[in-house]
Structure formats: C-alpha cells, structure tokens
Amino acid sequence: MANTKTKTLSQAQARIERRRITSVIVRYVILIVVGLIMVYPLIWMVGATFKQNSEIFTTLNPIPKEPTTQGYIDAMKSYGGNINIWRAMLNTYSYVIPEVVLTIISSVLTAYGFARFRFKGHDIMFTAMMAMLFLPQVVLNVPQYLLYNKFGWVGSPFYLALIVPTAFATETYFIFMLIQFLRNIPKDLEEAAAIDGCNTLQTLVRIIVPMLMPAIVSCALFKFMWSSNDFLGPLLYVNTPAKYPATIFVKLSMDADTGFNWNRVLATSLISILPNICVFFAAQNQFVDGISAGGVKG
C-alpha cells in the first residue's frame, strides 16, 4: 500500500514537473518570437545601410547581396549649408544635455515639494499640474512661439527657447513619477536627518536624491530620448542651418535634387541614433528599477 502511494506521488510530481518545463519552454518561445519581431526592423535598417538603393526594398533579407559603404560615405557629406552629420550631432547634444540636467533638477524639487509639504493651494496646484499632463503639446506651440519670439529667443544660437523652459518643471509626467517614488520612501529618514542638523535642502540632496536615483535615471533617459528625437521644436525655434540638430539634418539629407539614396538616409539615421542606443543600454538596469519601483503605490 505504501509503495502504491509513493508511486502515485512520484507520478504526480513528474506530471507537475513536465507541465512546468512545458510552460517555461512555451514562454521562452513566445518571448523569443516577439523579441525577434520587435528587433527585426533595427536589424533590417543596419543591413540596408550596406545595400544598393535598388536592393533595399526588393527583399526582406537584412543581409546585403553586394555590400557597399557608399551610404556611409554619402552620409558624411554636407547637406543644407555649412553642416554635416557630426556638426548636427554636436548641435543636438549641446542643448539636449542642458535640457536633461535642468529637467531633472526642476522636477525633483517640484516633486519633493508636492510630496512632502502641505501649503496653501497645494491640492489646487497639484490638480492643475496633473491636468497639464493631458494637454497635447501641439496646443501650446503657437502661444509659446509668440512668447519666445517676443523674448528674442527664436533663432538664438544658444537654443534658449528649447533650454530655458525646462528649468521650470514643464515635464508633468516626470513630476508624477517622482512623487509616486517618493511615497515609498519613509519619512523617518528625513526626521532622523533633521535631528542630525540637516536642513530641507541638505536632506533632499544627501538623503532623498540617492534613494531616488533609479527614478531619476529613468526620467533622464526619457528626456534624453525625447529631446534627441524632437523635430518640431528645433524646426520652430532654430532658423540657422549651421545650428540644425540631427533630426533636421536627416530630413535635409533627403534632398529631392539629388534623389532619395535610401542607404545614405538610413546610414545618417543610424549614426544619429547610436548615442541614444548606447546611453540606454548603459543605464538599462537602473531604468528598469525606476520604472518598476515608481509603479508601486505606497
């Protein structure tokens, strides 16, 4: 009788183990297939930069039959005046990096104020700020352009129309994300810091910011990618070809007078997004931690 029970238990455990292995295999197969589908366009883009123009749209195979580097050679040329891809990328990050820094500083200060302090009009201001989250940017383009033009920022060689607004916590999504993260940080730490003699700013810099680092990295990555890929902003506020960023330079490379050499266009696009890809992979661990932790309600 005991042997029968032992045999039955072993068979049940074997069935459970087989089901577990089958479930794991199915999950991994689905993940691999979905991953290949998602990464295929990038693989195709890299392969297409080495193809002849006539071969690019005739096959789905990303591997070129007759590889050529002419696309990259043409991508280094100047289009639209005194500018090339390297100058355009330098222009891009000359305003993207200040935007990221100012956005993070202003968003952290604003989020800390809303999350930790109660002041007159707190709820009304927070509601108004959250309402701005649902306001599309296209609605603001005309009034912002008129305002910045009156300030003399349109066409500024220092990209003032793009950089200065980020110092005033204009990214509502980041503020909300940081507030959610702050709710998971116990206030006891701040009380202990106050007992040790830290003022509010010292507490923020020495205690809160290190604990907010995953969320801050996530916000910085989002802002870095959004600003790097922004086309409409530079198109509105930059009117000197030599100051054009990479997004506009890619459009300039599609010159109708010389024809659409798609290997050149794709090579230019690939070069322009390489810094974004490198930055993302360098900070992907903290990015995932920030996104997952920010979604936990305290």
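The values are calculated or read from the model by the stated rules, or taken from the named source; none is laboratory data. Every value quoted in this text rests on a predicted model; they were computed, and no experiment measured them. Glycine gets a Cβ as well: all are built from the backbone with ideal geometry, and neighbour counts include every protein chain shown. Remember, those area values only see protein heavy atoms, side chains included, never the ligands or the DNA or RNA. Shrake-Rupley method; radii C 1.70, N 1.55, O 1.52, S 1.80 Å.
Of note:
- Within the chain, longest stretch clear of exposed trypsin sites (Lys or Arg not before Pro) (DSSP loop, no more than 15 other Cβ within 10 Å): 188-296
- Surface exposure of the chain, expressed per residue as accessible area with a 1.4 Å probe, stands at 59 Å².
- When only alpha carbons are used to place a centre, the stretch 200-225 and the stretch 10-34 end up 40 Å from one another.
- Kyte-Doolittle mean at least 0.5 and Cα axial length at least 24 Å: DSSP H helices in the chain: 2-48, 85-116, 209-229, 262-282
- Spatially close lysines, pair count over the chain: Cα under 17 Å, gap of eight or more or interchain: 5
- Taking only protein heavy atoms and a 1.4 Å probe, the accessible area of the stretch 73-196 is 69% carbon and sulfur.
- Loop-resident chymotrypsin sites (Phe, Trp or Tyr not before Pro) (DSSP state other than H, G, I, E or B) in the stretch 64-138 with no more than 12 further Cβ atoms inside 10 Å of their Cβ: F117, F119, F134.
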